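Colleague: This is the structure, below, for whatever I ask next.
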Amino acid sequence: MKKVTIYTDGACSGNPGPGGWGAILIYEENKKEISGNSSQTTNNIMEMTAVIEALKLLKYPCEVELYSDSAYVVDAFNKKWVESWQKNSWKNSKKEEVKNKELWEALIKLTNIHTVEFIKVKGHSDDELNNRCDELARNAINNL
């Protein structure tokens, strides 16, 4: 299986408000940057969209190291929240509807194709690729 490294980030100007996302995919010596935006969204939606759009670009099942500064995304998989949500008819631990269900379902579908290890990085820190993703996301907002 091909090994791919992905960095992602989402940003919002106001929450909700105009938002952007950015991702960097790395395979061997190849690096690809992608980004996008939405005129009215939330930070969490942009964080999830970055992951979804990056994974959607993979043409074959891959082994993925996915770096994100979003505890929301990383913890949902590493702490098995998504499994609990599905078992509990998409209700969270407070018995409330899980937000962004359609995005979670899309993300789950992609993680069933690829072997994804979610790795939390500290945002706005000294991680060069995370900072570049933040720049891509913010630039995407400016392009609205």
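The values are calculated or read from the model by the stated rules, or taken from the named source; none is laboratory data. Quick caveat, the model's predicted, so the values are computed rather than measured. Positions of Cβ are generated from backbone atoms using ideal geometry, with glycine treated the same way; all protein chains shown enter the neighbour counts.
Colleague: Answer yes or no: is there a residue in the stretch 130-142 that is touching a His at 6+ places or on another chain (Cβ under 8 Å) and assigned to a strand (DSSP E or B).
Modeller: Within the stretch 130-142 (the criterion being touching a His at 6+ places or on another chain (Cβ under 8 Å) and assigned to a strand (DSSP E or B)), the answer is no, since none of the residues qualifies.
Colleague: For the stretch 93-123, what are the residues that are closer than 16 Å to Gly20 by Cα and assigned to a loop (DSSP other than H, G, I, E, B)?
Modeller: Listed by number, the list holds a single entry, Gly123.
Colleague: So, restricting to strands (runs of 3 or more DSSP E) that lie completely within the stretch 1-84, which ones have at least 3 residues that are among the aliphatic types (A, V, I, L, M) and either within 16 Å of His114 (Cα to Cα) or modelled with pLDDT of 95 or more (or both)?
Modeller: Answer list for the stretch 1-84: 2-12, 17-27.
Colleague: Taking the options Leu55, Leu66, name whichever one is surrounded by 17 or more Cβ atoms within 10 Å (Cβ to Cβ), on the phi < 0 side of the Ramachandran plot, touching a residue at least 24 places away in the same chain (Cβ under 8 Å) and touching a Cys at 6+ places or on another chain (Cβ under 9 Å).
Modeller: None of the others qualify; the one that does is Leu55.
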